[in-house]
Every structure is written in C-alpha cells, then in structure tokens.
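The values are calculated or read from the model by the stated rules, or taken from the named source; none is laboratory data. Predicted, not measured: the structure shown is a model, and the values here were computed from it. Cβ sites come from the backbone with ideal geometry, for glycine too, and all protein chains shown count toward neighbours. Each accessible area value is taken on the protein alone, full model and side chains, heavy atoms only, with ligands, DNA and RNA left out. Shrake-Rupley method; radii C 1.70, N 1.55, O 1.52, S 1.80 Å.
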Amino acid sequence: MPIIFNSDIHINDSAKSVAFILFLTFLFFQIPGYSQSFNAENYVVTNFGLEEGLPQSSVNDIIQSKDGYIWLATYGGLVRFDGNTFTTFERSNTPGMVEERILGIHEDSEGSIWIIAEAPRAKLMRYKNGEVQSFPLDRSGGFGFRMRNAKDGSLLLTSSEKLLKFNGVEFQEVDITKSVSTEPEKNYEGGTWVNLNKKIVFFKGNKAIEVADLSDQFDGIFEDSREFPAGSGELILATRSEGFYKYADNKLSPLKFEGDFKNLIFSNFGVVNNGGENLYVEFLGHIVVWNGSELKLFNPVQQNSELNFKGILIDSEDNLWFGTDANGLFKVRQSAIQMIDKSEGLSNEKMLSLTILDDGSGLFSTNCGGLFEWRDGKAYSSKVQEFYQSGCNWSVFQDSRGRIWIGGGGVYVTNSLNKEGQYYGEAEGFTNLGVHAMMEDSDQNMWIASSNGLYVNDGEQFFRTYTEVDGLYYNDVRSILEDKQGTIWVGSESGLNTIMDSEVSKIPLIGKGEDSSQPNVRAIYQDDENYMWIGTYGEGLFRIIGDEVQQLTVKDGLFDNVISHIVEDEYGYFWMGSNRGIVRIKRKDLNYYLDGKAESFTIDSFGSNDGMNSAETNGGFQPNAIKDSTGRIYFPTIEGVAVVDPSKVANNSIPPPVYIEKLRSEEKELSIAEDIQLSYNTAFLEIYYTGISFTDPKKVQFRYKMIGLDDDWIDVGTSRSALYSKIPPGNYTFQVIAGNSDGVWNTEGASLNIIVIPPFWQTTWFYTLVGLLIIGAIGLIYYLRVEQLKRQNARQKRFTEQLIESEENERKRIASELHDSLGQQILVIKNRAELARKFVEKPAELDEQLDEIMQSAVISIDDIRSISHGLRPIHLEKFGLTEAVENLCSQVQDASSIEWSYHVDDIDEIVPKEKEINFYRVIQEGINNIFKHAQATEASVIIRRTDPGLKAMIWDNGTGFDPLDKLNAGGLGLSGMNERIETLGGTLSLNSSAKEGTTITIVIPIKEWAVS
C-alpha cells in the first residue's frame, strides 16, 4: 500500500512537544507510580465524523501544512481542516482532480500538497493554488512508494528499487553510486537517509551514495526507514511483519518489543520528535511507540479497542491526531481537568462538600447519596456510615485536633472514620434545619452554619448562636471565613455580615444595605494583601478594601455571574467555580482592572471540552473547593469531582494563523486575489475568514475593520464572517485578526484590498471632461452673454435714436398741430376780438363776433384735449389700465369700418403703475398698425388674466407681412412694441405671412408685486 510521510510537517521542534510526548508515554504505558495518582484519565478525546463535516469515515493519512491547516486523505476526497470546518476538495469543485479515493498525502518544501490515489488508477496528483495536476506513477521500479523531503528541499520518491527526484516537471531517477569510504555512516552529515529495501542510501546535493547493502545480514524486506534520533546517522528499519531493526556502525540489530509482530503489518512511520524521545510507528490498525529502548503498543482511545488507526500527527499545538479506517478522525490532547467519578468508584456523582484529611485521603459528601473516602486513586463508600446513618450530609470537615465533623440533619463528630463518634442534636443544644457549612477559628472553636442561624461550638458544647435577631442579614448561612485579623465573615443567601467580639455588622454589597436587595453569598476569600473577595450567586464577584466595595460581572468580562468557589494557586491565579465551568483569572489582572490601570482582563475557562463531565460546579456548601498538599484543586460538580493541577495547565502561546477563505457577493462566489474589484452597485460583500487553532477552536475570537470605511476594530467574538452592504466607491483594506483560547492574538492577521469601482460619472476622466465642458460652457455663456449685451446695447442705441427721432417727430407734430389748428384758432380769436372792439356800439355785430370767438375757443379746447390725449390717455390716469384699454377699443369699434371685437379682463395692478403706459402704447400701436397697413375687414383684441400672467392677442385678417423685415425696419413700429414689452419682463411673438393676416401675442408674467 502506498503511504505518504512528511518528516518536515510531522516533526515538532518545541520543548513543549517533548514534554507532551513524555506525558503521553507516561499515560499510555502506565509507568509505575503514575498509576497510583488520583486519576488515570488525563486526556480528552474528540471524535470527528460525518456529522462534523467529514465526507467519508475513513481517514487514511494526516499532515499539517506550513500554513497551519490539517489535511486529511479520505475515500471522499482531499480534506482541509481549520479546527472548525472541514473543506473537501473533489472532482466537482477542484479543477484537474481525477480521483477522490486518496490513500496518502504529503507537503513538499514549496507548500504543494501531493496526493496518491488508490489503485488501479493509482497516480500522483499535486494540489497547488486551487488546481490539481497529475503525474504518472511508474510501478516498474518495485513496491512501497513513499515520499519525503530531503534536507536541501528536494522532493524524493522511493520504492524498493529506485530513488527518484522531482525536477519541477517530472520525477527523474537518481543514479546511485557505491561508497568507497571506509568511514562509519554517522560521519555523513547534512543529507537525507533512505533505504531501497536492503540498500542504505545517503542523498545530498543531487547525488546518491549507496552506503551499505544489508542483504547478507537480513533475508526479509525492509519497507521503510527513519534516521532516529535525527542527525545521528542511525536508522530504524521497519519490516513488513518481522519487527524493527536498528542500523548503526554498519551493524544491524533487532529492537526489543513486548509483543508479537507476526500479526502486525507495517504501514508507516508517524510523528518524529526532534528531541529524540519517541518515534511513532503505524501498523495496519495499531500504533507502536519506540522510546529509545523498547517498542510498545498503545491505544490512545482505550475505551474502544476495536479502532484501526491510520495516520498519526502531532500538530503545532501538541495535540495528537489519529485517523481510522471507519471511525473518522480522533483528536487526543492533554486534559486540563481530571475527573473523579463512577469509574473511580463513586456511586453518586452529585458532589457537595469536599475536605482533605490529615492522612492525605479525601472525604466527599454527596447530595443525599452517601459519604465517600478517596485514597490511592479510588473512591470507597466510607465506613463511618456503619456508625452514623444520615440520609443527607452537606458538609464535612476535619479540625486541628484531628476530629472529623459531618453535618447533615445534625452534627456527627468522630476521631476516626473507622470508629464510632458523637452525635449532636437537639438534646445537645443543636436545633437546626440542616448543616451547610463548617469552619474552625483560631481559638479552635467550630462554627456551624445551618438554615436557621450560626452556631459556635468550643469542642465540647454549643455556647453561642447568631441569627437575624442578632443582626444577620438572613438565617440561612452558606459560607464562613475567619480573616487574618480574627474577624468572622458570614455569607448568607441574602447578604454579607462580619462578627468581631460577638458584635454583628452588616456589609452592604449592593445599595444601602436593605435586606431584600443583598446578593446570595457563595464564597469568601482573603488574599495576601488583605483584600476580601466575595463570590455570589447571580451578582458576580466583589472586592472589598476597607469601606470600598467594587463589583465585577459579565459586563466587565467575567465568564459567569455565578461564583461559587474561590481558590488561589501558587502562581497568583484565582480558580473559580461557576454554573458554566471553572475559570482561571490572574488576581493581579483583576486588581489592575478595578484600579483603572487596565481596560480588560484575560480569563481562561474550562468545561466539557477540557475533561469535565459537566461544566456545572456545585456551590452553597462548605468546605467545597479545596487544595491538597501538591497544589491540586478539587471542585465539586454535579457529575463528580473535577481536579485541576495548576502546574500542568499550560497556555497556548501560538497565535492562530488567520486566512480569508471565501468571498461572496449577490449569491456568487468571488475568487480571492490580491485586489478585489467590485462594481459600485454591488448589493453586498460577505467575507469568510478563519483563525486556525486546534486546542479549543470554539473559543477563537476575531476582530476586523474595513480601513477607509470603519477604521476602528469591531469585536465579533467567534463569528467567522463579515457582511458589508452597498460599499461606497473607493479603495479599502479589510483586515481581520484572531486570538486563541488563551488570549494570544495574531495582530498581523490577514488583509484584503477591495476596490469599489465608481460609476462613470464619478470617475476622474468624467470629472475632467465635465470640468472642461463646464469651462467651455462658461466661456460660451460668457461669449453669448457678451454678444447678447452687444445686441441689446445696439438695440437700445437704435431704440434711443428712434426714441429721440420719435420725440422730435412728436414735437414737430405737436408744433404743427399747435401751429395749424390751435395757432390758427387763437389767431382767429385775436382777429375776432379786434373786430368786436369796433362793434362796441353795435350790439348785434358784437354778439356775432363774440359767438365766433366762443366757437374758436371751443375748437381750441378740443384741439388741446386731442393733443393732450395723444401724450397721456386721460382714462389711464383717472380709471386705470383696464378702463383705458376698453375705452381705446370702444372708440376704435365706433369709429372704424372694420368689424372689431374685443375682450379685456381686469388687468389692473398686473404691471407697475409707472409702466402701464408702455402696455397701453403697445396695444395702441398694434391697433394703429391694423388701420395703417393691414387692409383688414376683421380684427380683434383679446386681453386675459391667466396663469402665469397677462396674455394679450391682437389679430387681423389683413394682407400680412414678413415679420423679419418689419422687425428690422427703422421706425418705432414692431421694434418699439417689443422694447416696451421687454421693459415689463414679458415677451412679444408675431405670426404673419402674406395674405394670411397677422397675430401678435403678448405674455407678461405676474410679478410678486402683482399678487394681491
């Protein structure tokens, strides 16, 4: 069977890896002394199968690539795992892949993944940059094809007869020359050792030297070999089914094995530790470890002896991974928490109170399930129950005199669990509803907490009782502590008290100390700075310094608001039990946060994934969480006793590699490139990212930001995607960082440049074009305006000249009329007056002359009126514009042979008073033009007040004319009419043609001053 091995990936150089492998050696090989420890289950096993995302239940090989991903060879394709999600590469989604039934995988020095498929289509495939390329596999060179990376980075392929090297295009056979050196093999340095069956070959610098031929020392077949320890020049040679041999100094010697190899078929070397402590070897279905002196079988999942293991890996975080032929993938890692439960002898796992006895054994009480003694790694039903029968016991304690106190419905005291003791009940002065906590003070007095108060016993009798009457917040007391100053701290289900010299004081934690508002106190602890720490049920953690009380809750970063236990280890960490698990927090960090010197604090939480049967601890009884002489801490839980050894809890110091794995936009997946370009109208962009951490992947935290859009980090917890909608056009950089379960952050993270292409109207070239157009338009407008002003000036000049000429003509007309009519009449009057003087004495003639004078005067008056009316219509002055126009039209209708019709709306106040004459003159000029030029038989004047203003139409059915000729004519005429209308802000349009009549339309908008 072809198997792939990657020496570079499987080897872990860290010192932690050495310790961890030694630990596993102790664990699985049952080294004497270790089996006497309190627990043999000190590892956590996680199984991944189809429900977790594997495409198939057979995992044939495992590697970890340089970028941190774990890769699996399965019969359902090539699988990549980041600790959270399995991603499968198969023919349907991977260009170039021709086979999904994969037996082995290997990463070369350039990061490409090499794949070997199952026969009969066995061939080599290389996965690189999302595509697969196939290479033929020539089987004429023997059997047992294996791949490995040479120390110089070359990719080697070996069989039983040939050594091949990949040249970037194909695998070429390497010529092997025989060694002529007489030096021992270990003097070969800087190269790579391989075996071609019985030939030992050293490869370096594109040269292969046959160092030895072991045919004369062994008749069988050597399947594979490993230099072990690394750099020693000593080889471990594996046979198919005849065991292992060690080759050193040209000598071959068998390795000692505790079992029989006849039923074991060699498959592959597994993980090699550079420290030289252990070498893992995979057989078909079994694993063997060589520790330098002997080989031993072991099963990392002891509760299932039927598993057939295939593939071994220790990842960069010291987790062990095992593939199986039908049971998926297994992860085995050191357990932070070890359990004492039914497997150690507990018949009831609901633990309440724990205490360590003077002889080093433990005494555990359960929730109405009996008492248990803990010694030599086993739990036994306590013999004390032969002398003392109690259905429920909630507190156990041993005082400084060696007496053991057991609290239930009463108090039982004995000097030995194997001997009968004394019972304290009502007859002995102890009346209670159940014992929940016990403590001995510095005067050797025993304090017994019950549901109906606090009792004090001096070793012989109960001599003092404290209740609500004495000042307790509440009678149901659950925790007691004597501080270094001799003050007794008392925690009840509704408040905290202190007792000093028999005086009870209330310590308000919340508000002003009203009884109903105080929290349920579960734990009390005094640190070496004399700060008091109070754990509560539902209100979090309190710190008391003198009279100052400060509170911490989940809003501040606590894992849970229930704090039932507080124990400090020798490293300055608080270990606290809660309903959600056990939490570790550095006390110094809490103080820094409460003192305002830090913005946050780091917590480590432990639960089911860390070895606990249940994350929920049991509180409200004392003693509860205890520490033994070795520093191990015991917590009561609802499913056994959880034990943690702080000295063995190591932080994961490896920051998780961060990658952006997938992009989606509008239900379409985008290819990941250095720069991503999006259209301005892209509805949304969803970015999927990952942080690779295998120790506790569900606790990996993420932060991201879109530089250019939101420059501040966004904390998103464990979410592995970011969604942006309608990103504005521009250049952005998406950046994401991740922190592992121990708060170690990869601050570099991963980034992606995103370019949102603007619409064409927001591009630089468009802005430039628009700018040029605007500049051109401004220039054109300026030019047109100048030309317009020139025309207006020319027109105004012509108008002024015409006006002057008109005024002169008007003066001439007036002068002529004054001379011809009024002057003549005045002359007549003068002459008649002279004649009248001659007829003074002739009354008849005098009367005749006076009559002539009067007639001449009347004519003169009419002439003056006519001249005056020509200058300024009297109706316009007296009655307004509407009356003046109507009067003009009426006179025309009465005095003309043309059939006239007219209609005039009320148009007063539409135009300013001082400009009404202009409108009147236009109407008058239009009518005069009809009389003078139109030769019309019908004509009309229509003036209406409409929206948006005044509209006048003068029409006739006369001969008509060419408007352009008339507009360019010299007299006032139409040009003067147009000028007058422009002064009113209106427009004059003319429609006329020869023999078709003429229509003049005038529109004057209503100004603000015209709105009544």
Item to complete: May I ask you to evaluate 6.51 cos²θ - 1.76 cosθ + 1.60, the Karplus curve with θ = phi - 60°, for each residue of region 723-734 and list the ³J(HN,Hα) values in order in whole Hz, giving x for glycine and proline?
Response: 10, 10, 10, 6, 5, x, x, x, 10, 9, 10, 8
Item to complete: Provide the three semi-axes, in whole Å and in decreasing order, of the ellipsoid equivalent to region 148-213 as defined by the square roots of 5 times the Cα gyration tensor eigenvalues.
Response: 20, 13, 9
Practice prompt. Check cross-link reach from K838 to the lysines: straight Cα distance under 30 Å, and skip same-chain residues fewer than eight apart.
Written response: K830
Worksheet, complete the sentence: Taking a straight Cα-to-Cα line shorter than 17 Å from K555, and setting aside same-chain aspartates and glutamates fewer than 8 residues away, one finds E539, D589, D595, E599, D604, D715
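Strictly over 24 Å apart at the Cα level, which of K668/K698; K198/K251; K123/K204; K198/K331; K512/K588 would you flag in this model? Intermediate results must be reported in sequence, preceding the final value.
Numbers: K668/K698 28 Å; K198/K251 13 Å; K123/K204 27 Å; K198/K331 36 Å; K512/K588 29 Å.
Beyond 24 Å between Cα atoms: K668/K698; K123/K204; K198/K331; K512/K588.
For region 339-644, how big is the tail of P(r) above 36 Å, as a whole percent of Cα pairs? If you can, show how the numbers build up before the last one.
On the way: 6230 of 46665 pairs.
Here the long-distance tail beyond 36 Å is 13 percent of all Cα pairs in region 339-644.
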Worksheet item: When the accessible area of region 658-758 is split by element with a 1.4 Å probe, what percent falls to carbon and sulfur?
Response: 44
Worksheet item: Amide H to amide H, which residues 5 or more places from L472 or on other chains are under 5 Å from it, using H placed in the peptide plane?
Response: T467
Worksheet item: Can you list the equivalent-ellipsoid semi-axes of region 658-758, largest first and in whole Å, using the square root of 5 times each Cα gyration tensor eigenvalue?
Response: 25, 13, 11
Worksheet item: What ³J(HN,Hα) values, in whole Hz, does the Karplus curve 6.51 cos²θ - 1.76 cosθ + 1.60 give for region 668-685 when θ = phi - 60°, with x put for Gly and Pro?
Response: 10, 7, 9, 6, 7, 9, 4, 10, 9, 10, 10, 6, 4, 9, 5, 5, 7, 9
Discussion item. Using a Cα-Cα cut-off of under 16 Å, which lysines could be cross-linked to K995, ignoring same-chain neighbours fewer than 8 residues away?
Written reply: K932, K966
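Please sort 214-225, 309-320, 426-437 by packing, taking for each peptide the average over its residues of neighbouring beta carbons within 10 angstrom, highest first. Mind dumping the intermediate values first?
Details: 214-225: 16.4, 309-320: 23.9, 426-437: 18.0.
The peptides rank, most packed first, as 309-320, 426-437, 214-225.
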Fill in: Distant-in-sequence amide H partners of D224 (H built 1.01 Å from N, under 5 Å)
A238
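If the only charges are +1 at each Lys and Arg Cβ and -1 at each Asp and Glu Cβ, what is the size of the charge dipole of region 571-724 around the Cα centre, to the nearest 20 debye? Walk me through the numbers before you get to the answer.
Values: 17 positive and 21 negative charges, 147 e Å.
Roughly 700 debye, rounded to the nearest 20.
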Worksheet item: Residue by residue through region 552-561, which ³J(HN,Hα) values in whole Hz follow from phi under the Karplus form 6.51 cos²θ - 1.76 cosθ + 1.60 (θ = phi - 60°), with glycine and proline marked x?
Response: 10, 9, 4, 5, 8, x, 4, 6, 8, 7
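Sort the following peptides by mean Cβ neighbour count (other Cβ atoms within 10 Å, averaged over residues), highest first: 903-913, 582-592, 126-136.
On the way: 903-913: 17.0, 582-592: 19.9, 126-136: 14.1.
The peptides rank, most packed first, as 582-592, 903-913, 126-136.
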Practice prompt. Send over a whole-number figure in Å² for the accessible area per residue of region 148-213, probe 1.4 Å.
Written response: 51
Item to complete: Assuming 1.002 mPa s and 20 °C, estimate D for region 525-668 with Stokes-Einstein, Rh taken as the Kirkwood radius over Cα pairs, in µm²/s.
Response: 129
Worksheet item: Within the set K597/K648; K342/K383; K246/K296; K662/K726; K178/K256; K66/K246, which residue pairs have Cα atoms separated by over 22 Å?
Response: K597/K648; K178/K256; K66/K246
Worksheet item: V79's amide H: which non-local residues (gap 5+, or another chain) put their own amide H closer than 5 Å, with H modeled 1.01 Å from N in plane and none for Pro or chain starts?
Response: L72, T74, F89
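Plugging the Kirkwood radius over Cα pairs into Stokes-Einstein for region 876-1005, at a temperature of 10 °C and a viscosity of 1.306 mPa s, what D comes out in µm²/s? Spell out each step's value before the answer.
Numbers: Rh = 14.8 Å.
Calculated translational D: 107 µm²/s.
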